[in-house]
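The values are calculated or read from the model by the stated rules, or taken from the named source; none is laboratory data. Bear in mind that the values here come from a model prediction, so they are computed numbers and not experimental data. Neighbour counts run over all protein chains shown; Cβ positions are idealised from the backbone, glycine included. Side chains are part of the model used for accessible areas, which takes the heavy atoms of the whole protein and leaves out ligands, DNA and RNA. Shrake-Rupley method; radii C 1.70, N 1.55, O 1.52, S 1.80 Å.
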Amino acid sequence: MCPVFKVFAFAISLCVIPALCVPAFADEKEDADVLATLLENGGMYVGVDVCKECHEDHLTQIVRTKHGQKADSRTQFASQGCESCHGPGEYHSLYPESGGLISFSGKNTSPLEAQNGICLECHQRDKHLLSWFTSNHEAENMACVNCHLVHKPSKVLERKDQSKVCYRCHKNIRAQTFQTSTHPIRENKLVCSDCHNPHGANGPNELKQYTVNDNCYSCHAEKRGPFLWEHYPVVEDCTLCHRVHGSNHPALLVKQGPQLCQACHADVSIRGGTEGTTHTSRMYQFSNNDSSARMIVGRNCANCHSQVHGSNHPSGANLLR
Ligand code: HEC
Ligand code: HEC
Ligand code: HEC
Ligand code: HEC
Ligand code: HEC
Ligand code: HEC
Ligand code: HEC
Ligand code: HEC
Ligand code: HEC
Ligand code: HEC
């Protein structure tokens, strides 16, 4: 068939009213341009009633959440409905399979910037999101919806379910919570967000506090002091001696027994020294039986140095009381 005729026949086939055929033929390229633009920007806002025709379930779900409250003007649900998050839906309503929306799932998923962009339009100024753009999770190209659901209640906001969301990626932390000594994380008495802000924070490791010690003091205030006799590593960093999520040594310690102390006090021998040295062999014994040496049993070095975290006793210089 002659190609010119082919195009002509196609144009005819598009025409419903023959009298309009010629203009339609001329407008075809323009129409394609209009459609391309529609696809790009979604077209016009069509309102929640149009979406409802095909997605009644999603409407039912969202009106039970904070985002679906018409009375709360901050949600813009009264004015823009679904389109406050999914963007204008004219194109999508005409061609449901071909994208055109801001979409968070499925084959038409939008680029990350568009997804997070729409959430941040409303949430960027929230206090706990101020460090989002310097956070590890943002740097790892995570979407808000990697942790949050919107149509259904978000598990990550429930204390009893939060860690499950985090463990999808942080399996090593989960493993630590099964060690013999742990913070009560498995029992959900403590949750990740008691200590971390997953949206980013000014402290190391996304801690809510500026330093590791400030984090510990927020619950273990009695360890802050001030002490008359400080123990240098305690003031410096609790994690010189303690792990946080879990450890196989008692009291979340990094090492057990005298080895913990000897890592820094290498000169103190568990066998003790001779008469005249600070730690004499005699000092370490309960009796004449060397096997019950006080260096090793019970709280080992802390049998005598009981105030390992610092002492307020006038004669507590050696953390003995
Ligand atoms: C004529 C029916 C119809 C209307 C009207 C409609 N949708 Fe859809 N929508 C669908 C179908 C069908 C799909 C599934 C498309 C697929 O899987 O290919 C879909 C998919 C979606 C998706 C999943 C992401 C995507 O792009 O595939 C979202 C989000 C969505 N619709 C939102 C809306 C919103 C918001 C409105 C109102 C502005 C709306 N829909 C109006 C039929 C409709
Ligand atoms: C506050 C933002 C927001 C509003 C408002 C919103 N959605 Fe969604 N929508 C999302 C997010 C985020 C997802 C991804 C899945 C999820 O989080 O539940 C989604 C997913 C969808 C999907 C894809 C199917 C799925 O479950 O993954 C459809 C369809 C949809 N929304 C339709 C609607 C309709 C219809 C409305 C209005 C009644 C609406 N949405 C209002 C944020 C929103
Ligand atoms: C049009 C503004 C707007 C958009 C867009 C928006 N939100 Fe919200 N969001 C709100 C408002 C308002 C609240 C209620 C805040 C409150 O009550 O303190 C809220 C609450 C929330 C909450 C707490 C919910 C709860 O049940 O306590 C989460 C989590 C959340 N939004 C995440 C998101 C995510 C993720 C997106 C993007 C998919 C998003 N929001 C998009 C306005 C918005
Ligand atoms: C790594 C998981 C994760 C990611 C990614 C994430 N969030 Fe959250 N979000 C949480 C957790 C956990 C909480 C609850 C703990 C809290 O209150 O800090 C929360 C709480 C919220 C709240 C409710 C705060 C309140 O107390 O009412 C909003 C709003 C919110 N997130 C928005 C967002 C937005 C917007 C994004 C994307 C820019 C995002 N989140 C990304 C984990 C995440
Ligand atoms: C009691 C406070 C506390 C709780 C609860 C807590 N963390 Fe931590 N986390 C810390 C501190 C302090 C550090 C930094 C010191 C360190 O590296 O051990 C840290 C470090 C991290 C790190 C980076 C270092 C590493 O080991 O990979 C990740 C990831 C982490 N935590 C994830 C989690 C997750 C996930 C949860 C919840 C299941 C959680 N944390 C619960 C205090 C806590
Ligand atoms: C989709 C995967 C994913 C989910 C879900 C996730 N994270 Fe992460 N997170 C990462 C990646 C990747 C990094 C950066 C690499 C690293 O340090 O492990 C990271 C980093 C972190 C860090 C900082 C570690 C450091 O080295 O400074 C903390 C703390 C953290 N996540 C806590 C959480 C918490 C709490 C949750 C749940 C609310 C969570 N994450 C959910 C993937 C995830
Ligand atoms: C959000 C509160 C909170 C923070 C922050 C916190 N802890 Fe704890 N810690 C607890 C709770 C609760 C227990 C369990 C107490 C109990 O079982 O009686 C505990 C117990 C402990 C124990 C005793 C464990 C055992 O097996 O005997 C040590 C050691 C400890 N924490 C060290 C730390 C260190 C170090 C930090 C800082 C990195 C820290 N904690 C931060 C709440 C916290
Ligand atoms: C020099 C090592 C060392 C440092 C540093 C250290 N601890 Fe300890 N911590 C110990 C030892 C050893 C024990 C076990 C004491 C015992 O045997 O009774 C312990 C026990 C604990 C306990 C449980 C028993 C109790 O006393 O309540 C908590 C809580 C604790 N430490 C918190 C902290 C905090 C918070 C910091 C930082 C401010 C810190 N520790 C720094 C060595 C240390
Ligand atoms: C991370 C290193 C480190 C660890 C681990 C450590 N210490 Fe220390 N300790 C120090 C430093 C540094 C000083 C200050 C030494 C100085 O001023 O000469 C000190 C001082 C002391 C003092 C007081 C001496 C004085 O001059 O006031 C005693 C007693 C002591 N440590 C006992 C212990 C015991 C017991 C343990 C184990 C539970 C321990 N230390 C673990 C670093 C450490
Ligand atoms: C039987 C009790 C006892 C035990 C057990 C003990 N110490 Fe001591 N330690 C002392 C006494 C008493 C002094 C102070 C001596 C003085 O005043 O001259 C002292 C002083 C110290 C000092 C400060 C002076 C110096 O010698 O540097 C350090 C550090 C120290 N001990 C570390 C340790 C470590 C580490 C252990 C465990 C391996 C330990 N001690 C076990 C009784 C003990």
Obtain the nm distance between the two label points defined at L320 and A263 by a simple spin-label model: each point lies 7 Å from its Cα along the Cα-to-C-beta direction. 2.7 nm
Could you give me the ³J(HN,Hα) list for the range 195-210, computed from phi with Karplus coefficients 6.51, -1.76, 1.60 and θ = phi - 60°, whole Hz, x at Gly and Pro? 10, 10, 10, x, 7, x, 8, 7, x, x, 6, 6, 6, 5, 9, 5
Can you pull the Rg over Rh of the range 146-295, Cα-only, Kirkwood? 1.12
Loop only by DSSP, 16 or fewer other Cβ within 10 Å of the Cβ. Give me the GluC sites (Glu not before Pro) in the range 101-186 that pass, ordered by residue number. E140, E158
Show me, for the range 78-92, the HN-Hα J-couplings you get by feeding each phi into the Karplus relation (A = 6.51, B = -1.76, C = 1.60, θ = phi - 60°), rounded to Hz, glycine and proline as x. 5, 8, 10, x, 4, 6, 5, 10, 8, x, x, x, 4, 4, 4
For Q256 and H58 in the same chain, what is the full-extension length gain: residue separation times 0.36 nm, less their Cα-Cα distance, in nm? 65.8 nm
Using a Förster distance of 45 Å, how high is the FRET efficiency between V235 and H148, based on the Cβ-Cβ distance and rounded to 0.05? 0.70
Rounded to whole Å and sorted largest first, list the principal axis extents of the Cα atoms in the chain. 118, 51, 28
At 0.36 nm per residue, and after removing the present C-alpha to C-alpha distance, how many nm does the segment from K189 to T278 gain when stretched out fully? 27.6 nm
Test of understanding: what is the full-extension gain from V308 to D31, defined as 0.36 nm times their sequence separation minus their Cα-Cα distance? 91.8 nm
Using just the Cα positions, wrap the range 221-304 in a convex hull and report its mean projected area in square nanometres, one decimal place. 6.8 nm²
Send over the per residue convex hull volume for the range 91-178, Cα only, as a whole number of Å³. 133 Å³
Taking protein heavy atoms only, a 1.4 Å probe, and rounding to whole percent, the accessible area of the chain owed to carbon and sulfur comes out at 58 percent
Using just the helices of the chain, give the 222 nm mean residue ellipticity in deg cm²/dmol: DSSP H runs with n ≥ 4 each add -39,500 (n - 2.57), and the total is spread over all residues, rounded to 500. -8500 deg cm²/dmol
The rounded separation in angstrom of the Cα centers of the range 96-117 and the range 174-233 is 38 Å
Which of G200, G273, G87 moves most in a GNM of the chain, Cα contacts under 10 Å? G273
Quick one: which of K66/K127; K66/K152; K160/K223; K155/K189 span more than 22 angstrom between C-alpha atoms? K160/K223
Going residue by residue through the range 59-71, the Karplus relation 6.51 cos²θ - 1.76 cosθ + 1.60 with θ = phi - 60° gives ³J(HN,Hα) values, rounded to whole Hz and with x marking Gly or Pro, of 5, 4, 5, 6, 5, 8, 9, 5, 6, x, 8, 4, 5
How high is the FRET efficiency between L120 and A175 when r is their beta carbon distance and R₀ equals 35 Å, given to the nearest 0.05? 0.55
Given Cα pairs under 8 Å that are at least 6 residues apart, what percent is the relative contact order of the chain? 10 percent
Using a Gaussian network for the chain with springs between C-alpha atoms less than 10 Å apart, which of these wobbles most: K29, K66, K171? K29
Could you tell me the relative contact order of the range 112-259? Use alpha-carbon pairs under 8 Å, at least six residues apart, and round to a whole percent. 22 percent
